[in-house]
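The values are calculated or read from the model by the stated rules, or taken from the named source; none is laboratory data. Model, not experiment: these values are computed from the prediction. With ideal geometry, Cβ positions are generated from the backbone for all residues, glycine too; neighbour counts draw on all protein chains shown. Heads up: the accessible areas ignore ligands, DNA and RNA and are worked out on the full protein's heavy atoms, side chains in. Shrake-Rupley method; radii C 1.70, N 1.55, O 1.52, S 1.80 Å.
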Amino acid sequence: MVHVVSRTRAALRTAVYCICGLFVCHLGTAIAAEPAGGESARSLPRPDFVFPGKVGRTYLESDPPRFPQPAKAPAGAPNVVLILLDDSGFGQYAAFGGGIPSPSLDALAAEGLKYNRFHTTALCSPTRAALITGRNHHSAATGVITEAATGYEGYTCVLPRSCGTIGQVLQHHGYATAWIGKNHNTPAWETSAAGPFDRWANGLGFDYFYGFNAGDMNHWNPVLFENRNLVPRSDRPDYHLTEDLADKAIEWTRRVTSIAPDRPFFLYVAPGANHSPHHAPREWIDRFRGAFDDGWDAYREATFQRQKRLGVIPADAVLTPRSTGLPAWDSLGDGQKKVYARMMEVFAGFAAHVDHHMGRIIDAVKQLPGADNTIFLYVVGDNGASAEGGLEGSINENLFFNGFPERWQDNLEHIDEIGGPRWFNHFPSAWAHAMNTPFQWTKQVASHLGGTRNPLVVSWPARIRDRGGIRSQFVHVIDIVPTLYEAIGITPPDMLGGIAQKPIEGASFLASFFDAKAPEVRQTQYFELLVNRGIYHRGWLASSRSFVPWDPVRGAFDPLKATWELYHLDEDFTQADDLAARHPEKVRELEALFWVEAEKHGVLPLDWRAVERLNGELQGRPRLAGKRKRFVYFPGQVALPDGASPPLLNKSWTITADIEIPAAGAEGMVYTHGGLTGGLGLYLRDGRAHFTYNRLALDRTTIASQPLPPGKVSLAVEFRYQGRPGELGKGASVVLTADGRTIGEGVLPATVPLQFSLGEGVDVGRDSGSTVDFTYSLPFEFTGTIEKVTVELE
């Protein structure tokens, strides 16, 4: 036996491995000592620790022990606070000339920089995927929202492991990381308590998550998670989601800096505002009473003049005309003006409220030690303001996603309730267009700047000297990640978790922090969303629009025959002067370039379908429910997302609840699916069973049973769909039975065709989200005993 005690362990391993040739010599290199703290690595995580000293038979004969050290950020690495508002326009807030006060944004801009040529993708999930990865949205498999995913590489909405997030990279470089608010980057079929969790926020590189996994959320009764745990419903009568998210962001930053003051942090805050529902405290709404009575055309004119005075648009800029299909304010009747103005007042209260609470976060961070070395990025919108409320406005946005129009006369009846907990409201499309002043079009329209150009404010008190400056370099959301990497002093890895990484497609614009004349780093950028297409190249933008965003029903379309417009943005800031007829050769050049970029980044195949893509069953998306016809749930099953719930639309089914009613009687929710925007519920009250069907808040039908005696009972709802296969939203008959005996029945003239809810799914024994009807109060826990609930599809 040969004993070796004189060599170091690392030297011994290298000597042994070299015997086996070149392949193992490479392994020897891979397990060499770790880089010094803070040093960037091209492969993450770094290799496991190898003791670098001499190891003898006992500790007495060995070198002193040396522990593996935690990853350290580069010396002087800044904290980062990244705020991303939802559905907000260029001309919305006062900081960029809008009519809604924004003191928090104003203050940050006064000590930092305004970027007036920053661009997003024109839609939610795509922008967010690009923001956290530094890759184009199709490259990150997120060419659309997760609820409309299709089985093509650029549209699966399954974030590729080859597109590591900034959270994952910064974790390996010693940062504490948190994501507060909206997560719309987890596939809808992966958001249940059964996981998988690798694409939840924690799995995407964030130590702490507090928020919701959906495209939008009820701000009065949200379904929230803290990391992977469902958050109990607040019992505060004045609860509002935005305030709650700000509180959690402040608590987290204070906690981590108290525990590890030398460790920098990355805080990503994505409130649900200003996405519908536009829910705001009454006192915030009332601040704007009468402020918008002059209408959206007058608002655009006034905002345009303010923007010129502020210098956020050039003095020679031209105000674009009202987009095609939108009515003039003066063409409206008094009733229309009344309800539309009120909807805008509600939105303004909502928008001012979120800016206030983002300011609380900023102020709290500024009170921490070393606060001057914090980069603040306040991105005002993941796209332009949303026209999804339709021409009439909406008190239930889910109507849009089911292909239903609304009538302003119906909304006028509920004018005093708009913004409160009864409705999922959204302002009219023309107000969205006004929020995007001075540009054309809105959210979804990636071909035009109203959909893609959003304000960006950057502050770094320790480094930025041109306080209050304006920057006009052409910048895209994919450029934020590489800018932060350069500012922090790290190199993005080639390998992350054993997966080769796609190249970062953004480019750092850090130089513009310090030099207003820094050269542009982006010469070419494609845009595509629902076949609204744009291609920017060296100051020119070619644009091809497909459908108006407020019409969810879309027919035949041929993108190969679609018209292209042409704008010279270097001379036409607002995209107002179409030069296509004067420069047809330039149009052909840019259209050809679009197809090159589309093929390169996974944009193909183009798909212009809208609401039909929202039905996962029709599209064949994965479901935890699989192809099962029978589902069994037990007490405690709450907040099961819609994407993981039984598919109950456009078919017959039976829900059977095995329950026990005590002698004193019982009340409460037995089974519910959906909520305020659409759904159904089976509950007990006043000694009877009640089945309520909420057809998108258009009508609510309740069928009550005969009295139920105490004791064990098998309570069933037999739902018989009256449409043929492939027919959507037809009527149904409903029969309530107890132990097989009919105890109630009724008829539904029509049913929900495409989706109950964007977020709310199944609860058993209580209602964890919003109410299906207004006859009970949350959480409406069942006071009897539930053995199980069985759902059977036919």
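Straight-line cross-link reach from LYS651 at under 28 Å between alpha-carbon atoms covers these lysines, not counting any fewer than eight positions away in the same chain: LYS627, LYS629, LYS730, LYS788.
Structure note, pairs LYS114/LYS308; LYS248/LYS366; LYS248/LYS502; LYS443/LYS586; LYS561/LYS586: Cα-Cα distances above 22 angstrom occur for LYS248/LYS502; LYS443/LYS586. Taking packing as the residue-averaged number of other Cβ atoms within 10 angstrom, the listed peptides 403-409, 391-397, 120-126 run from highest to lowest as 120-126, 391-397, 403-409.
Working ranking of peptides 443-453, 493-503 by packing, defined as the average number of other Cβ atoms within 10 Å per residue, highest first, is 443-453, 493-503. Take the Cα radius of gyration of segment 583-654 and divide it by 2.2 N^0.38 Å, N being the number of residues; the result is 1.88. The distance linking segment 290-357 with segment 110-186 is 30 Å (Cα centroid to Cα centroid, whole angstrom). By definition, a body whose alpha carbon gyration tensor gives a ≥ b ≥ c is oblate when a/c is 1.5 or more and a/b is not larger than b/c, and segment 147-229 fits this oblate description.
Within the chain, no helix built from a complete DSSP H run reaches 15 Å or longer along its own axis (Cα positions) while carrying a mean Kyte-Doolittle hydropathy of 1.6 or higher.
Evaluate Rg over Rh across segment 81-222, taking Cα atoms for both radii and Kirkwood's formula for Rh. Value, to two decimals: 0.99.
Express the carbon and sulfur contribution to the solvent-accessible surface of the chain as a percent, rounded to the nearest whole number, probe 1.4 angstrom.
With neighbouring chains kept in place, the figure for the chain is 53 percent.
Taking amide H as placed 1.01 Å from N in the peptide plane, the amide H of TYR671 sits under 5 Å from that of LEU682, GLY765, each at least 5 places away or on another chain. Electrostatic tally near GLN307: other residues with Cβ closer than 13 Å to its Cβ, Lys and Arg +1, Asp and Glu -1, net +4. Each part gets one Cα centre, and for segment 203-280 versus segment 738-765 those centres are 32 Å apart.
Per-residue ellipticity at 222 nm from helix content only, as computed over the chain with -39500 (n - 2.57) for each DSSP H run of at least four residues, stands at -6500 deg cm²/dmol.
Per residue, the chain exposes 38 Å² of accessible surface when a 1.4 Å probe is rolled over the protein heavy atoms with every protein chain present.
Percent of C-alpha pairs per 20 Å bin in the chain, short distances first: 16, 46, 29, 9, 1, 0. If you average the C-alpha positions of segment 680-737 and of segment 421-486 separately, how far apart do those two centres end up, in angstrom? Centre-to-centre distance over Cα atoms comes out at 46 Å. Peptide packing for 529-535, 134-140, 515-521, 242-248 was compared via the average number of neighbouring C-beta atoms within 10 Å per residue; ordered from the highest value, the list is 134-140, 529-535, 242-248, 515-521.
Karplus-based coupling profile of segment 529-541, in residue order and whole Hz: 7, 6, 6, 7, 10, x, 9, 9, 8, 6, x, 10, 10, with θ = phi - 60° in 6.51 cos²θ - 1.76 cosθ + 1.60 and x standing for Gly or Pro. Measuring spread by the Cα atoms of segment 324-430 yields a radius of gyration and Dmax of 18.0, 57 Å. Taken over segment 201-272, the percentage of Cα pairs per 10 Å bin, counting from 0 up to the bin with the maximum distance, is 17, 51, 26, 6. Whole-Hz Karplus values for segment 695-705 come out as 8, 6, 6, 6, 7, 10, 10, 10, 10, 9, 8 Hz, taken residue by residue from phi with 6.51 cos²θ - 1.76 cosθ + 1.60 and θ = phi - 60°; glycine and proline positions read x.
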